[in-house]
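S.K.: Quick one: structure below, then a few questions.
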Amino acid sequence: MADKAVREPRPGEVLLEVVACGVCGTDLPIQDDEFPTAPPVTMGREISGLVLAVGSTPDEGWRGTTVVAEAFFSTCGVGEWCRSGRPNKCPQKHALGTFVDGGFAAQVVVPTRNLHRVPDWLDPHAAALTEPLACVCNCLCDPSPISPGDDVLVVGPGTMGRLAAQVARAAGGRVVISGTAHDAVRLALAGDLGFATILADDAAAFARLGGGFGADVVIECSGSGAGITAALQAARPRGRYVQVGIAGKAVTVPLDQICYRELTVTSGQGAPPHAWRRAMALIQARLVALEPLVSEVVPLDEWARVFAGIRAGVGVKYVFDPRLRQARANRTAVPCTRPGWTAGGHGHMAWWRRLPFGAMGSPADRWGSLPIQAARRGAATHAAGDRTDRLDVR
Ligand SMILES: [Zn+2]
């Protein structure tokens, strides 16, 4: 943890009070210095927050709104990839959390053009998962490999897997999620979302996929050699294979299966603006539920436990709420960004419970111990120039 001054937002930028910042698997190699970064830099790119200040006039109505922010701080804007609407491929991109201070902090400066309004009904902690959802949309919606009625296998029931499964279901797929015995909790959560699940060593269940012909579409979200192998072997001939998971190292897989089965392979990395618009549309249409994916909301100073938990494979999706640390120290409540919202409570709007695909657990059950309560948020109390806690790579 470090103490660092927050700078004023410049024209075209806003200052956010961070309400939530998700922790993702990529944050481990960043911590381990196995991922390109520019230290000292504050980590965190799955950001939702409240707009405290706007660095230009007019403020376009952003001040006081709850938003999520796209993860690229700057791109060249004039090269081939930027001009074709794919700034995620810009060789000069600088991303939040690796080259520019990100959201593991009480406040963060982000470009105004990165902002998307969080719907009134959506828990702002869960909203932080819009970033991984946008990355999944980049893999699965541009164009979609899924036709209505397709049998779809998602390998790996982690956060990306359960997001991908929901997007595939929205596209008309009949989705099954597979995982290992180690994934028992994640598979149960996938079941809560209404998905059929199978174990990786259940050969008979794999043999039944697609009526015995194999899955029309296989979406690999584990990033493991075993998962990729299983996914390649589960695809039907002429099927489509989508790689979402990142292995982070060379892995041995039966690549010839792509030839033998004549597979079409696609993937995606990061998320261009149109993938963010798709993600927001899926959220707005209630086709993707983010709330059930958040397993624990934690203060920043518990980062060591969070990172150890991810390494050990316990927990599912941690989201930092930087406001919690001070609230606990002072034994005070953290006001939420919206009237009627408890930070972690869902008394009035557990909407996914009413969806037709099964009874889902509410994250509120798991957040019950947090010292927070419903409150109407008053005027923003933080000012630019305040020194705030943050989690840095050094
Ligand atoms: Zn560019």
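S.K.: For the stretch 188-293, give the magnitude of the charge dipole about the Cα centre (Cβ charges: +1 Lys/Arg, -1 Asp/Glu; no others), in debye to the nearest 20.
M.R.: Using only the charged Cβ atoms, the result is roughly 360 debye.
S.K.: Using modelled amide H (1.01 Å from N, peptide plane; none on Pro or chain starts), what sits under 5 Å from the amide H of SER178, excluding residues fewer than 5 places away?
M.R.: Close amide H contacts, sequence-distant or interchain: VAL154, VAL155, GLY156, ILE198.
S.K.: Sort the following peptides by mean Cβ neighbour count (other Cβ atoms within 10 Å, averaged over residues), highest first: 293-303, 100-110, 64-74, 138-148.
M.R.: Peptide ranking by packing, descending: 100-110, 64-74, 293-303, 138-148.
S.K.: Just to confirm my numbers, what's the Cα centroid distance between the stretch 38-58 and the stretch 223-250 in Å?
M.R.: 35 Å
S.K.: Also, I was wondering about something else. With a 10 Å Cβ neighbour count serving as the proxy for reagent exposure, in which order, fewest first, do ARG117, ARG162, ARG277 appear?
M.R.: Fewest-to-most ranking of ARG117, ARG162, ARG277: ARG277, ARG117, ARG162.
S.K.: How large is the direction-averaged shadow of the alpha-carbon convex hull of the stretch 15-161, in nm²?
M.R.: Working: hull surface 43.3 nm².
Directional mean of the projected Cα hull area for the stretch 15-161 stands at 10.8 nm².
S.K.: Continuing with this model, one more query. At a 10 Å Cβ-Cβ cut-off, how would you order LYS93, LYS249, fewest neighbours first?
M.R.: Working: LYS93 20, LYS249 9.
Ranking LYS93, LYS249 by Cβ neighbours within 10 Å, fewest first, gives LYS249, LYS93.
S.K.: Now a separate question. Which order do peptides 182-190, 207-215 fall in by mean Cβ count within 10 Å, highest first?
M.R.: 182-190, 207-215
S.K.: Sticking with this one: For Cα pairs less than 8 Å apart in space and 6+ apart in sequence, what is the mean separation divided by the residue count of the stretch 101-250, i.e. the relative contact order in percent?
M.R.: About 21 percent, as a whole number.
S.K.: Here is a follow-up. What whole-number volume per residue, in cubic angstrom, does the convex hull of the C-alpha atoms of the stretch 173-283 give?
M.R.: With only Cα atoms used, the stretch 173-283 gives 126 Å³ per residue.
S.K.: Given an 8 Å cut-off on Cα distances and at least 6 residues of separation, report the relative contact order of the stretch 246-331 as a percent. Mind showing how you got there, number by number?
M.R.: On the way: 45 pairs, mean separation 19.5, N = 86.
Reported relative contact order: 23 percent.
S.K.: Taking Cα pairs under 8 Å and at least six residues apart, what relative contact order does the stretch 180-319 come out at, in percent? The partial results should precede the final answer.
M.R.: Working: 161 pairs, mean separation 21.7, N = 140.
The normalised contact order for the stretch 180-319 reaches 15 percent.
Throughout, read-outs are computed from the coordinates displayed, never taken from laboratory work. None of these values were measured; they are calculated from a predicted model. Virtual Cβ from ideal backbone geometry, glycine too; neighbours counted across all protein chains shown.
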